[in-house]
Amino acid sequence: MSNASLDAIAAKSDQPFPGAPNNWRRFFSFSTDHKVIGIQYMVTAFVFFLIGGLLAMVMRGELITPEADLVDRTVYNALFTMHGTIMLFMWTFPMLNGLSNYLVPLMIGARDMAFPRLNAAAFWLVPVFGTLLMVSFFIPGGPSQSGWWAYPPVSLQNPTGNLINGQVLWLLAVALSGVSSIMGAVNFVTTIFRMRAPGMGWFRMPAFCWTVLSAQMIQLFGLPSLTAGAVMLLLDLTAGTSFFDPAKGGDPVLYQHFFWFYSHPAVYVIILPIFGTFSEVFPVYARKPLFGYRFVVVSSLIITVLSAMVWVHHMFASGTPSWMRMLFMFSTMLISVPTGVKVFAWVATVWGGKLRLDTPMLFALGGLVCFLFAGITGVMLGAVPFDIHVNNTYFVVGHFHYVIYGATVMGIYAAIYHWFPKMTGHMYYEGLGKLHFVLTFIGVNLNFFPMHPLGLMGMPRRVASYDPEFAYWNVIASLGGFLLGVSTLPFILNIVSSWVLGKRAPANPWNAIGLEWLIPSPPPVENFEEIPIVVSGPYGYGSDESLVANNPAGELISEHS
Amino acid sequence: MTTPTTPTKPRSLSFRTVAQLVALAIADAAISVWVGRQAYLWMPPQASAEALLVDDLFGFLTTIGSFIFLGVTAALLYSVLFQRADKYDISDGPPVEGNLLVEILWTTIPLGLVIWIATYSYQIYDQMAILGPMEHMNHVPSLSLMPSAEAATLPAVPEQTPIEVHVRQWAWEFHYPDQNIISTELHLPVNERARLKLISEDVLHGFYVPAFRVKQDVIPGSTIDFGFMPIREGRYRLRDSDYSGTYFAANQSTVVVESAEAYQQWLATAAQQPLTEADNRAFREFTKLGDRPISAGWKTVEPAPPPRVNFASSEEDSYE
Amino acid sequence: MSTANLDPTLNTHSAHAAEHEEEDHRMFGFIIFLLSESVIFLSFFVGYTVYKTNLTDWLPAGVEGLEVREPLINTIVLVSSSFVIYFAERFLRKDNLWGFRAFWLLTMAMGSFFLYGQAVEWMGLPFGFTDGVFGGTFYLLTGFHGLHVMTGVLLQGIMLGRSFLPNNYAGGEFGVAATSLFWHFVDVIWIILFILIYVWQ
Ligand code: HEM
Ligand SMILES: [Cu+2]
Ligand SMILES: [Cu+2]
């Protein structure tokens, strides 16, 4: 892998190469090209990120004072419910699916996903259930107000008495999201199992693809459990059954098991591709191979397996018997071991390298630090006696926002900046990128760190009003929240302006190793002129091995790189 | 292309590097121990025997957590500050692909660490002897090898009629069956193990007193036995900890821990009081909604009318 | 191949190739899907077991238990149809289209008989969907399974129709193989369900 002829590539890709789709209208069509679908996912998800973020700003506005004075309590409750739901089902999942959609076929040397039409159908469900969720703001009674867990009996209460109510729409949207995710998961798993380029054995596959595989397998075994719970809840709500209604002999705690059996593993569906992103980004900008590649990729699979055995740690205070509490405490602690292996491996990858602090690297480093912090508070939460105190307090909210904003959103930004030149064929503006990083990193810590002392002091989550002693930290958190809102502006400006006006990107601007970097930016329809023949591992930095035995770009980039 | 010594290769460690590493580890440990001490200050007052145990655990967790966090971020920070490529340097770093020994170490050491943490947490839990709803003994059925000798540090549960805790959307009500008292303030004698029966009349609620570090979901359809040991006199906040709908945040009350004499005194006076309507924030806010020029809210489940009690407290009363 | 991308009109070749590739992956994808689908049933089964072992007043007032005889006949018919569909597939592999159609149609008939029997049973039951958790889980499980049987029969109908298109099934047919796999899946689920609901009373 020499990348010697960067200039030649740059010169070549100045002219739009043949077959390069330069028509923006295709992003609004039922395209079956995985790259178009990937970008459709990402842009749609980002729109919902902004909506979810706006809701969060209003919540932070309410919480800047102890009294419930900005919005009505029902509105506040709808806000946090919809914020959580949108951020998970409309932003994080579709965003990561989009990223995986774009990258996995390129990284494994395939021309598309295994089932392109299924892929497109899965995507087009996203705007459908997104709209369904949004519509619930405008119906009598408003959106669901039972939190993103939708625990019965609160979720069964339906004060309007209407058949079409916020909770019903919420359940339908979540069910559709599940259908879309299962379609996606079948597609990803099949693609990764069956469509790797010749020579790409399991241990030559980039870590990102390993993490996508692990994450999508979780969807396959986890989501059905949520679906089962959601169907039963919907029947209770609309058809008069009594599965979860204690007033009629049902068992509300069973719902919690159904819900968490999926929703704990779901956090790994989210974080695994971010782990993958870290594993891709650190070697490029530290100019060193991923340290302990095999340990790192195998630990993803171990996480997949363990993630199915820890769900009760969300129910330590739900009347769970002691033996279960202790069992799940041990399993929860155990899952931090493969996670720790990854963290140490990234530090060792960075250590002693030749670091280039471009925006993707900054976001990856910032994300790693946040993840470390969240992992430590996670182990604390796994310790039952301590969790009993902070369960359902702001401490938990702080913990998961460090993972979901600190690590996941920052990791997503790292990925977007890193692959932006590949996806669009343009370079982003480095200065705006760095500004974006600084604002985000400060915003995250300002917004989410204060939640930890608040939780320790005993402030419950999901409250519209609180006792005055909590005001101090809440003011800081609110300021951080508004800063996070501001932080998206340089990002949007950067993406939009550089997509239109940015300098043309060469095939391999970062001098990175990987099949996606061997073809033009943006890649042509069907990606590879010639299916690559892989002859070495994915992180050969510092050695002279060649990654492939042929030139996958064919005549598009004639110089063999 | 490659630097002659790479820090990830233990064989090339010189005495000086080892000494430096040891010094750094000691510094890290010293700071972490200090942070772990601070952890006690971040918590509410220690008003129960459980609080002492939980805070010890939290201090321990904070110490270990700080050690790891500081160690890892320091390494990253060092890299970021001192291991940057020069502006025009496009060469690669050393092609170190891994080191089996290091990898095995950083798998087994954390494994040992989490087993240690879990075992310690288990012991704390055992001592807390939290009464779960399906639990009829007061500590965990011994998982054989675990040392549970210290389990006896808390006095056994005395045979007394439990106080009934009734919670609904959105009020707390405490029934003292022996004295036939209903109160919206929970009074408990200090240094005596409290016994409660948690009863929800509608949805899930949570019984949570931060100063006691105890919390238990209250599940409609089942009665939950619950207990803890108040050890410090004072007034503390009781909060609903499991989201229960519109006025969830307003569903708070006060716990008063007092001397045995004061407690008996209170029981005696409260029993004399006639039933009166207590102040109830949810109901108050709900009825005032009609006064608003425009209602910007959605239809809500109606709050239950304020409880009628022998002894009423107000949410505005002070607490620690 | 190397010129395929240069001119959109020349793209047909690669599109064709992609389609063939897609067929190869379908069975793999379908099996994964079925594995995932089985977890929904598993969740319902676990739920049923938890309810049944924990609830004190399990059966609604006035309900003694479930009649086993007719459902058992139903079970035998459905399970045998798994063998019948197997023979249908063998005929297809031997290019005996009429043998295939006959056995395939017999499978459909047996599936329909099952659905009919189920409907008759439902009509005669003294409890409804909203009669406690027992009524709820009973209709949920049998109904959700029944939906799968119905889907299976519909799929079989489509495959049968397609067998009349000339040369359609030359060289094996993914649709037939998948439908038949689906049918076996539905059968296995029923056996577990039957044991759980009818045998374990
Ligand atoms: C070292 C690894 C981790 C451990 C040991 C851990 C442990 C825990 C525990 C015990 C809870 C429950 C706290 C409670 O509700 O009382 C929790 C909550 C949560 N965690 Fe983690 N966690 C880890 C990593 C993650 C990751 C990687 C994510 C997401 C990408 C995540 C997201 C969440 C979320 C969203 C919640 C709260 C869910 C809710 O209540 O709405 N955690 N974690
Ligand atoms: Cu949030
Ligand atoms: Cu979890």
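The values are calculated or read from the model by the stated rules, or taken from the named source; none is laboratory data. Because the structure is predicted, anything quoted here is derived from the model rather than measured. Reconstructed Cβ throughout: ideal geometry from the backbone, glycine too, with neighbour counts over all protein chains shown. We work out accessible area using only protein heavy atoms, side chains counted, and drop any ligands, DNA or RNA first. Shrake-Rupley method; radii C 1.70, N 1.55, O 1.52, S 1.80 Å.
Quick notes on this structure:
- Picking from residues in the stretch A:301-343 that are polar (S, T, N, Q) and without any contact (Cβ under 8 Å) to a residue 24 or more places away in the chain, the one that is nearest to ligand 3 (Cβ to nearest atom) is A:T320.
- Residue check, A:Y255 touching a residue at least 60 places away in the same chain (Cβ under 8 Å), buried (at least 21 other Cβ atoms within 10 Å of the Cβ) and more than 15 Å from ligand 1 (Cβ to nearest atom): no
- For the stretch A:344-379, a residue qualifies if it is within 7 Å of another protein chain (Cβ to nearest Cβ), more than 18 Å from the chain's Cα centre (by Cα) and of a type in the set (V, I, T), and the qualifying residues are A:V347, A:V350, A:I376, A:V379.
- Scope the stretch A:313-337; condition within 11 Å of ligand 1 (Cβ to nearest atom) and surrounded by fewer than 21 Cβ atoms within 10 Å (Cβ to Cβ); matching residues: A:M315, A:S331, A:L334
- Put simply, of B:R16, B:R84 the only residue that is surrounded by fewer than 16 Cβ atoms within 10 Å (Cβ to Cβ) and touching a strand residue (DSSP E or B) at 6+ places or on another chain (Cβ under 9 Å) is B:R84.
- Subset of the stretch A:305-340 that is among the polar types (S, T, N, Q) and part of a helix (DSSP H, G or I) - its residue that is farthest from ligand 2 (Cβ to nearest atom): A:S322
- Selection within the stretch A:421-453 - more than 20 Å from A:R356 (Cβ to Cβ), of a type in the set (F, W, Y) and open to solvent by less than 20 Å² (accessible area, probe 1.4 Å): A:F448
- Residues satisfying the stated conditions in the stretch A:456-487, i.e. within 20 Å of B:G206 (Cα to Cα), part of a helix (DSSP H, G or I) and open to solvent by less than 10 Å² (accessible area, probe 1.4 Å): A:L456, A:F470
- Helices (runs of 4 or more DSSP H) enclosed by the stretch A:46-164 - at least 1 residues per element that are within 14 Å of chain B (Cβ to nearest Cβ) and surrounded by fewer than 23 Cβ atoms within 10 Å (Cβ to Cβ): A:73-85
- Among (1) open to solvent by 40 Å² or more (accessible area, probe 1.4 Å); (2) out of contact with any helix residue (DSSP H, G or I) (no Cβ under 9 Å at 6 or more places or on another chain); (3) not in a loop (DSSP other than H, G, I, E, B) - the single one C:G135 does not satisfy: (1)
- Residues that are more than 14 Å from chain B (Cβ to nearest Cβ), of a type in the set (V, I, T), within 15 Å of ligand 1 (Cβ to nearest atom) and open to solvent by 10 Å² or more (accessible area, probe 1.4 Å) occur in the stretch A:404-420; there is at least one.
- Look at the stretch B:93-112: where a residue is open to solvent by 30 Å² or more (accessible area, probe 1.4 Å) and a partner is in a helix (DSSP H, G or I), sitting 6+ places away or on another chain with Cβ atoms under 6 Å, you get B:W106/A:F344; B:T107/A:V341; B:L111/A:V337.
- Scanning the stretch B:244-275 for residues that are in a loop (DSSP other than H, G, I, E, B) and in contact with a His (Cβ under 9 Å, 6 or more places away or on another chain) gives B:S244, B:N251.
- Within the stretch B:175-215, restricting attention to residues that are basic (K, R) and open to solvent by 10 Å² or more (accessible area, probe 1.4 Å), the residue that is nearest to the other protein chains (Cβ to nearest Cβ) is B:K197.
- Checked against (1) over 16 Å from A:F291 (Cβ atoms); (2) more than 7 Å from chain A (Cβ to nearest Cβ); (3) more than 40 Å from the chain's Cα centre (by Cα), B:A85 passes all but condition (2).
- Matching residues in the stretch B:187-213 - criterion: being under 30 Å from A:Q145 (Cα atoms), of a type in the set (A, V, I, L, M, F, W, C) and part of a strand (DSSP E or B): B:L198, B:I199, B:F207, B:V209
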